[in-house]
Amino acid sequence: MKSTILSLLTAFLGLAVAAPARADRVLLISTDGLRPDAIDQLGEAGAPAFHRIRREGTYTSNARTDVVYTITLPNHTCMIASVGVTGPQGHQWISNTDPLLGQNLHRNRKAYLPSAFGVAHDHGLKTALYASKSKFSLYDTSYDETRGAPDETGPDNGRDKIDRYLMDEDTGKLIDALIESFRTEPADFTMLHLRDCDSTGHKEGWDLTAGSPYMETAKKVDAMIGRLLDAIQDSPLTKDQTWVIITSDHGGLTLTKGHGEAKESDNYTIPFHVWGPRAAAGKELYAVNAATRRDPGDQNPPYDTAGQPIRNGDAGNLALRLLKLPAIPGSTINAAQDLMVTAAP
Ligand SMILES: [Zn+2]
């Protein structure tokens with residue numbers, strides 16, 4: 001009798017061990033140079049995926065870049081480190097070209113720059129970066145097995161904070177590889193960079209006229225996002241347990257075919273979309289976050305202004321919150337991890 005109870009108990013415990021609680025995953029997508037008003041103008045017909053996210057998730061068309069810089073690498077570094085570019089706690093990376101040999105985020109800053117990749121990896125999660133510009137090697141290099149910080153959190157998961165780094169200028173191939181990973185071995189925290197809108201903007205201008213090359217590229221990016229959402233729901237490894245955060249590093253101008261002028265609202269105004277299993281469906285992000293964030297109108301207020309806008313720099317600490325992990329050490333944007341994306345906290 002005793003042995004029967006014992007074996008039943010063992011079987012029960014075995015079951016409990018075999019079915020661990022499913023962890024949420026996060027996919028952070030940066031749509032390089034995608035203006036939010038392009039999504040607005042395309043509407044449901046031209047941008048069905050973004051509008052699906054707006055129905056099923058929460059979003060704003062009035063998020064902000066960094067205050068001083070509206071260029072690519074500085075703003076992506078804001079996303080992964082949740083700090084501004086300049087100032088004592090800023091990441092200080094102002095270059096926007098392939099990093100010089102031997103250069104990295106920490107050496108340039110003269111102090112280690114912790115990131116969302118590091119926090120996730122140190123807690124035993126798998127991380128990935130899929131990038132479509134060669135200069136993103138900055139992150140792979142800065143967080144590799146020699147330059148990444150020792151893991152002092154729990155078991156030692158090593159210094160290389162980005163488990164999988166893939167660079168391909170062909171974003172279609174990048175998406176194929178990412179979707180394949182959903183079916184086989186999805187990372188817990190993935191960042192995906194899609195260069196398409198920026199590349200067309202620099203060539204043809206950020207022209208929001210219907211049918212312009214820029215708007216056609218925005219439609220193409222929307223279709224890629226749609227493929228990703230479908231693929232997430234098609235794999236039992238990712239279905240109903242993956243959060244998607246989409247933001248941009250900057251907008252861009254029609255006339256100059258550039259985005260470097262940080263005082264231009266068309267450069268610093270960016271989208272911020274969040275989709276996931278418990279998202280505040282159909283809600284505008286500033287409405288969800290009325291207690292802690294303030295819609296900046298057409299301004300980009302400095303970091304010391306009370307009532308900050310939602311910024312691309314919120315993304316890193318938001319991703320960690322959704323992974324149930326603490327904030328990035330030393331971070332200053334969303335450091336309290338108080339950007340809400342669910343209907344109830
Ligand atoms: Zn860019």
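Here's the yes/no breakdown for (1) open to solvent by 20 Å² or more (accessible area, probe 1.4 Å); (2) within 17 Å of the chain's Cα centre (by Cα); (3) within 21 Å of D249 (Cα to Cα):
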| residue | (1), (2), (3) |
| --- | --- |
| Q308 | yes, no, yes |
| G316 | no, yes, yes |
| T332 | yes, yes, yes |
| A335 | yes, yes, yes |
**Prompt:** Conditions: (1) over 18 Å from T72 (Cα atoms); (2) assigned to a helix (DSSP H, G or I). T209 meets all but one. Number of the miss?
**Reply:** (2)
**Fill in**
Residue pairs within 8 Å by beta carbon, gap of at least six or interchain, first lying in region 328-343 and under 17 Å from N289 (Cβ atoms) and of a type in the set (A, V, I, L, M, F, W, C), second open to solvent by 50 Å² or more (accessible area, probe 1.4 Å) and at pLDDT below 95, listed first then second, are A343/R278
**Request:** Could you tell me which of the residues T200, T171 is farther than 16 Å from T242 by Cα, within 16 Å of the ligand (Cβ to nearest atom) and open to solvent by less than 10 Å² (accessible area, probe 1.4 Å)?
**Result:** T171
**Prompt:** All but one of (1) within 18 Å of D66 (Cα to Cα); (2) in contact with a Ser or Thr (Cβ under 8 Å, 6 or more places away or on another chain); (3) among the acidic types (D, E) hold for D304; which doesn't?
**Reply:** (2)
**Fill in**
All-but-one check, A315 against (1) touching a residue at least 24 places away in the same chain (Cβ under 8 Å); (2) in a loop (DSSP other than H, G, I, E, B), failing number (2)
**Message:** Given the options P74, P99, P88, name the one that is at pLDDT below 95 and more than 28 Å from A280 (Cβ to Cβ).
**Reply:** P88
**Asked** Do you know which residues across region 203-242 are touching a residue at least 60 places away in the same chain (Cβ under 8 Å) and within 15 Å of the ligand (Cβ to nearest atom)?
**Response** W206, Y214, A218, V221
**Prompt:** So R183 clears everything in (1) more than 16 Å from the ligand (Cβ to nearest atom); (2) buried (at least 17 other Cβ atoms within 10 Å of the Cβ) except one condition, right? Which one?
**Reply:** (2)
**Prompt:** Any idea which of (1) under 25 Å from V26 (Cβ atoms); (2) in contact with an Asp or Glu (Cβ under 6 Å, 6 or more places away or on another chain); (3) surrounded by fewer than 16 Cβ atoms within 10 Å (Cβ to Cβ) is the one L339 doesn't satisfy?
**Reply:** (3)
**Prompt:** Taking helices (runs of 4 or more DSSP H) that fall entirely within region 105-199, which contain at least 2 residues that are over 18 Å from A315 (Cα atoms) and of a type in the set (A, V, I, L, M)?
**Reply:** 171-184
**Message:** When the residues of region 49-96 are narrowed to those that are of a type in the set (S, T, N, Q), part of a loop (DSSP other than H, G, I, E, B) and surrounded by 23 or more Cβ atoms within 10 Å (Cβ to Cβ), which ends up farthest from the ligand (Cβ to nearest atom)?
**Reply:** S82
**Complete:** Filtering region 243-280 down to residues that are open to solvent by 10 Å² or more (accessible area, probe 1.4 Å), assigned to a strand (DSSP E or B) and away from the ligand (no atom under 16 Å from the Cβ) yields W275, A279
**Asked** Say we look at region 281-312 and pick out the residues that are hydroxyl-bearing (S, T, Y) and part of a loop (DSSP other than H, G, I, E, B); which of these is farthest from A187 (Cα to Cα)?
**Response** T305
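The values are calculated or read from the model by the stated rules, or taken from the named source; none is laboratory data. Keep in mind the model is a prediction, meaning the values are calculated, not measured. In this analysis, Cβ positions are derived from the backbone assuming ideal geometry, glycine residues included, and neighbour counts consider all displayed protein chains. Please note that ligands, DNA and RNA were not included when accessible areas were found on the heavy atoms of the full protein model with its side chains. Shrake-Rupley method; radii C 1.70, N 1.55, O 1.52, S 1.80 Å.
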